[in-house]
Amino acid sequence: MAARALLRRRLAGAGLGRAGLRGGLVLRGLASSTNRAGEDSWLKSLFVRKVDPRKDAHSNLLAKRETSSLYKIQFHNVKPECLDAYNKLCQEVLPKIHEEKHYPCALVGTWNTWYGEQDQAVHLWRYEGGYPALTEVMNKLRQNKEFTEFRKERGNMLISRKNQLLLEFSFWNEPVPREGPNIYELRSYQLRPGTMIEWGNYWARAIRFRQDNNEAVGGFFSQIGQLYMVHHLWAYKDLQSREDTRNSAWNKHGWDELVYYTVPLIQEMESRIMIPLKISPLQ
């Protein structure tokens, strides 16, 4: 009580009464609130990642500018008892679409998964002309009675299917037909959202370590379907050749550093070893 009375006398001497006391407390409260807000802002700055502003879409920064190709990858999980019939059906119909000059598309490769998810077919298509070419092919196939029957018969053989639309990385090889026999590895990476540019920057350097045996076939990233997906396609003579080729990269200065920086960008990864069908341009 004595301390409060002393405070009042000092405030009165300074020309302040009860109202002044309340005003001083309000000002003190505002100052305290401002300090807390500043502290909160400082704390948030420790955990919020600053955005590097970019002037273009990631797809334009990463994809090949000299081409307007769009890719589609299809994953078909086939009933085990139907795989042979499915392959036979595909080998009858898919080459006709590939060779038809009025369809602006090409079959890049078609495979069965050997190691990985079993009884699975993987098809990779290129649409030369981007989304308009894809739309044109889809509209024409709807009018194609043979393809309509093919889809109906194929549907009875499938457990599930999914697809993705892809663009190719600017720094990867163009996937062109090659002679066999080869096995193919499709390595698929689910990246953390927001890390595609980092992945591209690292792999633009890393790809030079993986060219000695002409094993790099193509590299793609998703645009529609499961997003932040990357697919790297490799060709090897056999599994031992794959092992030797991959091990040799670790003997090159810089490869270990690039692996170290890219691994944290990955949420999930999957490897498929695939065998091409007889009709596949990639043998």
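The values are calculated or read from the model by the stated rules, or taken from the named source; none is laboratory data. A quick note: this is a predicted structure, and the numbers were derived from the prediction, not measured. Cβ coordinates were reconstructed from backbone atoms using ideal geometry, including for glycine residues, and neighbour counts include every protein chain displayed. Ligands, DNA and RNA are stripped out before the accessible areas are found, and what is left, the full protein with its side chains, is counted by its heavy atoms. Shrake-Rupley method; radii C 1.70, N 1.55, O 1.52, S 1.80 Å.
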Restricting attention to segment 210-222, which residues are modelled with pLDDT under 95 and either open to solvent by less than 10 Å² (accessible area, probe 1.4 Å) or farther than 21 Å from Ile273 by Cβ (or both)? Arg210
Residue by residue through segment 224-253, note down the ones that are in a strand (DSSP E or B) and open to solvent by 60 Å² or more (accessible area, probe 1.4 Å). Ile224
Restricting attention to segment 191-205, does a residue exist that is over 25 Å from Leu70 (Cβ atoms) and either modelled with pLDDT under 95 or touching a Gly at 6+ places or on another chain (Cβ under 7 Å) (or both)? yes
Taking Asn144, is it farther than 18 Å from Glu270 by Cβ and open to solvent by 10 Å² or more (accessible area, probe 1.4 Å)? yes
Return the residues of segment 173-183 that are out of contact with any Phe, Trp or Tyr (no Cβ under 6 Å at 6 or more places or on another chain) and crowded, with 18+ Cβ neighbours inside 10 Å; say none if nothing qualifies. Pro175, Asn182
Please find, among Asn139, Asn163, the residue that is surrounded by fewer than 16 Cβ atoms within 10 Å (Cβ to Cβ), in contact with a Gly (Cβ under 7 Å, 6 or more places away or on another chain), at pLDDT 95 or above and outside any loop (DSSP other than H, G, I, E, B). Asn163
Go over the candidates Ala216, Ala235 one by one and state the one that is in contact with a strand residue (DSSP E or B) (Cβ under 6 Å, 6 or more places away or on another chain) and under 19 Å from Glu168 (Cβ atoms). Ala235
Kindly list, by first and then second residue, each pair from a residue in segment 129-144 that is farther than 13 Å from Ile97 by Cα to a residue that is part of a helix (DSSP H, G or I) and open to solvent by 80 Å² or more (accessible area, probe 1.4 Å), limited to pairs with Cβ atoms under 7 Å and residues at least 6 apart or on different chains. none
Checklist (1) open to solvent by 30 Å² or more (accessible area, probe 1.4 Å); (2) among the small types (Gly, Ala, Ser); (3) out of contact with any strand residue (DSSP E or B) (no Cβ under 7 Å at 6 or more places or on another chain) applied to Ser170, failing item: (3)
Reported set for segment 190-202 where residues are in contact with a helix residue (DSSP H, G or I) (Cβ under 7 Å, 6 or more places away or on another chain), surrounded by 14 or more Cβ atoms within 10 Å (Cβ to Cβ) and not aromatic (Phe, Trp, Tyr) is Leu191, Thr195, Met196, Glu198, Gly200
Just one of (1) of a type in the set (Gly, Ala, Ser); (2) within 30 Å of Glu92 (Cα to Cα); (3) not in a loop (DSSP other than H, G, I, E, B) trips up Gly180, so point out which. (3)
From the options Gln267, Gln283, residue that is open to solvent by less than 70 Å² (accessible area, probe 1.4 Å), in contact with a strand residue (DSSP E or B) (Cβ under 7 Å, 6 or more places away or on another chain), at pLDDT 95 or above and not β-branched (Val, Ile, Thr): Gln283
Apart from one, (1) over 24 Å from Gly129 (Cβ atoms); (2) part of a helix (DSSP H, G or I); (3) in contact (Cβ under 8 Å) with a residue 24 or more places away in the chain all hold for Phe150; the odd one out is (1)
Given the options Arg272, Arg205, Arg187, name the one that is open to solvent by 20 Å² or more (accessible area, probe 1.4 Å), within 22 Å of Asn112 (Cβ to Cβ), basic (Lys, Arg) and in contact (Cβ under 8 Å) with a residue 12 or more places away in the chain. Arg187
Please verify whether Met274 is in a strand (DSSP E or B), out of contact with any Cys (no Cβ under 9 Å at 6 or more places or on another chain), over 24 Å from Leu83 (Cβ atoms) and modelled with pLDDT of 95 or more, treating the condition exactly as stated. no
